[in-house]
Amino acid sequence: MTQHPEYQYLNLMQEILDKGVRQEDKGTGDVTHSLFGRQIRFDLSQGFPLLTTKKTYWKGILIELCWFMSGQSNIKYLVDNNIHIWDDYPYRIYREKMAKGLMPELSKDEFIAKIAADAEFAKQHGELPKIYGELWRRWPQKMAGPWISCSGWLTICAKTLTPTTPLSIPGIRNICTKWLCRKRLPASPFVTICTSATLKTASCRCS
């Protein structure tokens with residue numbers, strides 16, 4: 001009988017516990033164990049492998065991912081869907097303005113309520129600078145011209161596979177990654193995509 005694909009994850013966790021390299025954080029004293037270069041593989045045509053040892057806030061994951069992938073960077077979309085995992089960031093910016101006497105005093109609850117009720121207030125104070133949605137779908141160019149939509153290009157190519165689209169040319173490995181432009185720091189995983197014209201499948205590896 002074939003084991004459920006999740007056993008790859010469980011077996012890897014056991015291997016890390018048994019053979020992992022012990023590392024201690026000098027600042028906090030927290031101890032972690034790790035192994036380098038391990039991989040686990042899943043057939044995405046059979047479902048999405050959400051693997052975790054913790055209870056998962058599935059609605060929050062879906063709404064936040066839609067927020068990122070659609071290129072949004074204002075928390076109003078999240079607030080309107082009762083998702084509050086990004087509330088602290090814009091409120092911290094607002095508090096800095098309050099401290100300088102530039103904005104009226106608002107508690108965090110009042111701030112979020114106003115984001116939900118006042119579109120103009122949300123437009124002014126709900127925007128987050130250099131958040132994933134902007135980096136993924138509105139990559140700034142040095143030269144004048146439209147934004148570059150990295151994830152948009154990838155999505156369109158995946159949806160319209162033909163013999164001439166970049167994702168379907170045999171032998172070509174398409175790499176997709178995101179960077180925090182000003183600091184040149186990685187902002188998301190490194191993704192490699194390879195397609196098979198014979199099998200009519202696309203393989204994706206995150207690292």
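The values are calculated or read from the model by the stated rules, or taken from the named source; none is laboratory data. Just so it is clear, the structure is predicted and the values come from calculations on it, not from any experiment. Note: ideal-geometry Cβ built from the backbone for every residue, glycine included; neighbour counts use all protein chains shown.
Can Asn82 be described as surrounded by 13 or more Cβ atoms within 10 Å (Cβ to Cβ), under 30 Å from Gln124 (Cβ atoms), assigned by TED's automatic domain parsing to the domain that holds Leu106 and not charged (D, E, K, R)? The answer is no for Asn82.
Quick grid of which residues meet (1) in a loop (DSSP other than H, G, I, E, B); (2) modelled with pLDDT of 95 or more:
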{"residue": "Leu51", "(1), (2)": "yes, no"}
{"residue": "Leu65", "(1), (2)": "no, no"}
{"residue": "Tyr94", "(1), (2)": "no, yes"}
{"residue": "Asp109", "(1), (2)": "no, yes"}
{"residue": "Ala113", "(1), (2)": "no, yes"}
{"residue": "Pro129", "(1), (2)": "yes, no"}
